[in-house]
Amino acid sequence: MEGISLMKAAWYDRQGPAAEVLQLGELPAPEPETGEVRVRLSLSGISPGDTKKRAGWPGSPMIYPRVIPHSDGVGVIDKVGSGVDTGRIGQRVWIYGAQSYRPFGTAAELTCVPYAQAVVLPAEVSYELGACLGIPGITAHRAVFSDGPVSGKTVLVQGVLGAVGLIAAQLAHWGGATVIGTVTRARDLDHIDASVVSHAIALDQTDPPSAIRAHAPGGVDRVIEVAFSDNADLDTAVVANDAVIAAYASRAERPELPFWPLLFANVTLRLLGSDDFSARAKQQASTDLTAAAQQGALTVDVAPIYPLAEVAAAHDHVDNGPRNGRILVAIPT
């Protein structure tokens with residue numbers, strides 16, 4: 001790989017619809033700077049945040065003149081920068097944050113990241129799972145563990161079949177919690193893993209709070225929340241005293257809160273922005289995610305994998321469905 005001067009990549013120079021702005025071709029191969037490693041990628045993972053950045057979603061301005069999208073991926077380290085142990089060359093790794101406050105992500109043959117963001121991928125863990133651990137895994141870890149261990153606690157995961165919710169439920173179970181999970185429709189209950197989620201609740205039933213309280217009479221200790229504006233009243237109805245609501249998404253930008261019931265329950269509201277977790281928090285999350293994956297505690301459904309040449313279709317799949325697994329792009333080797 002030393003002699004490579006060009007690499008295949010997908011990129012955009014302006015924001016807009018995937019088919020209109022994503023380009024395919026060759027770009028100069030990156031060189032690792034001090035403290036960085038270069039990874040020869042096999043799979044690139046796409047999250048909704050990646051497609052929002054490309055589309056120009058509010059709060060996602062085009063801050064670089066050119067962007068290679070996607071923050072997550074897996075591959076092998078082929079070169080290291082100054083200050084990095086050369087023994088890392090050849091390591092099989094999963095990476096996170098490749099396009100977090102950086103212009104060039106994982107939709108390319110090669111990417112460079114700070115060495116701590118290339119996490120050794122154990123032989124027991126598949127490339128497909130490794131490519132799914134970045135944004136959703138670290139967000140899930142922070143949602144579950146930001147406020148301490150969950151052993152012996154009851155954790156409610158709203159949207160338990162989503163990318164973050166699924167991993168959050170598995171991490172909470174791995175951490176010793178009893179997990180209650182919700183889905184939007186009763187027909188989705190059959191897709192829940194009963195070995196992880198002790199009690200599954202469909203939100204289209206008559207009285208979801210009572211159904212949750214039936215399994216947690218004293219209330220739930222943690223809520224992992226995917227739609228805070230939609231579920232604020234439900235969460236308030238089921239929390240225990242001193243509970244934490246950890247919200248990583250909201251349909252409404254300015255959700256209304258039932259202030260006094262939350263206050264009297266001494267609830268902590270924790271808001272989670274994945275790009276802006278501290279380096280220490282991300283490193284702890286990467287350590288725990290790798291350990292849980294190695295122990296077989298994490299599984300993620302993956303949709304049929306797109307080739308890099310179909311990256312625009314992959315973006316549309318993330319935005320529009322079907323919801324049939326995490327969306328990955330295969331990088332040509």
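Based on DSSP H runs of at least 4 residues, each adding -39500 (n - 2.57), what is the mean residue ellipticity at 222 nm of the chain after dividing by all its residues, to the nearest 500 deg cm²/dmol? Working shown, then result.
Values: 10 runs with 90 residues, N = 333.
-7500 deg cm²/dmol, from helical runs alone.
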Compactness of region 79-133 as Cα Rg over 2.2 N^0.38 Å, two decimals: 1.14
Nonlocal amide H pairs with residue 104, under 5 Å, H built at 1.01 Å: 68
Neighbour-count ranking [beta-carbon atoms within 10 angstrom, fewest first] of 94, 260, 57, 174: 260, 57, 174, 94
For residue 27, net neighbour charge (Lys/Arg +1, Asp/Glu -1) across residues whose Cβ lies under 9 Å away: +1
Label corresponding to Cα extents along the principal axes in Å when calculated from the structure given, among [x] 59, 41, 34; [y] 60, 41, 38; [z] 64, 41, 34: [z]
Estimated vicinal HN-Hα couplings, Hz - region 103-114 in sequence order (Karplus 6.51, -1.76, 1.60; Gly, Pro = x): x, 10, x, 9, 7, 6, 5, 9, 8, 10, 9, x
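Please give the charge dipole size of the chain, origin at the Cα centre, charges +1 on K and R Cβ atoms and -1 on D and E Cβ atoms. Round to the nearest 20 debye.
With only Lys, Arg, Asp and Glu charged at Cβ, the dipole is about 300 debye.
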Distance from region 1-72 to region 138-206 (C-alpha centre basis), Å: 32 Å
Karplus-derived 3J(HN,Hα), 6.51/-1.76/1.60, for each residue of region 201-215, Hz, glycine and proline x: 10, 8, 6, 8, 7, 5, 9, x, x, 5, 5, 5, 4, 4, 9
Separation of the residue 281 and residue 253 label points, Cα + 7 Å toward Cβ, nm: 2.3 nm
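How would 157, 238 line up from fewest to most surrounding beta-carbon atoms within 10 angstrom?
Values: 157 33, 238 23.
The fewest-first ordering by Cβ neighbours comes to 238, 157.
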Semi-axes of the equivalent ellipsoid for region 24-174, Cα gyration tensor, largest first, Å: 28, 20, 13
Mean projected area (nm²) of the alpha-carbon convex hull when region 194-333 is viewed from all directions: 11.8 nm²
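List the GluC sites (Glu not before Pro) in region 1-84 that DSSP assigns to loop (not H, G, I, E or B) and whose Cβ has at most 10 other Cβ atoms within 10 Å. Which are they?
On the way: sites: 2, 20, 26, 33, 36; in loops: 2, 33.
Answer by residue number: 2.
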DSSP bridge orientation in the chain - percent antiparallel, rounded to nearest 5: 55 percent
Kirkwood Rh and Cα Rg combined as Rg over Rh, evaluated for region 138-275: 0.92
Whole-Hz ³J(HN,Hα) from phi, Karplus 6.51 cos²θ - 1.76 cosθ + 1.60, for region 34-49, glycine and proline x: 4, x, 10, 10, 9, 10, 7, 7, 10, 9, 10, x, 10, 10, x, x
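Read the figures in this text as sums done on the coordinates, not as results from a lab. Everything numeric here is computed off the predicted structure, so don't read it as measured data. Using ideal geometry, Cβ is built from the backbone for each residue, glycine included, and neighbour counts are taken over all protein chains shown.
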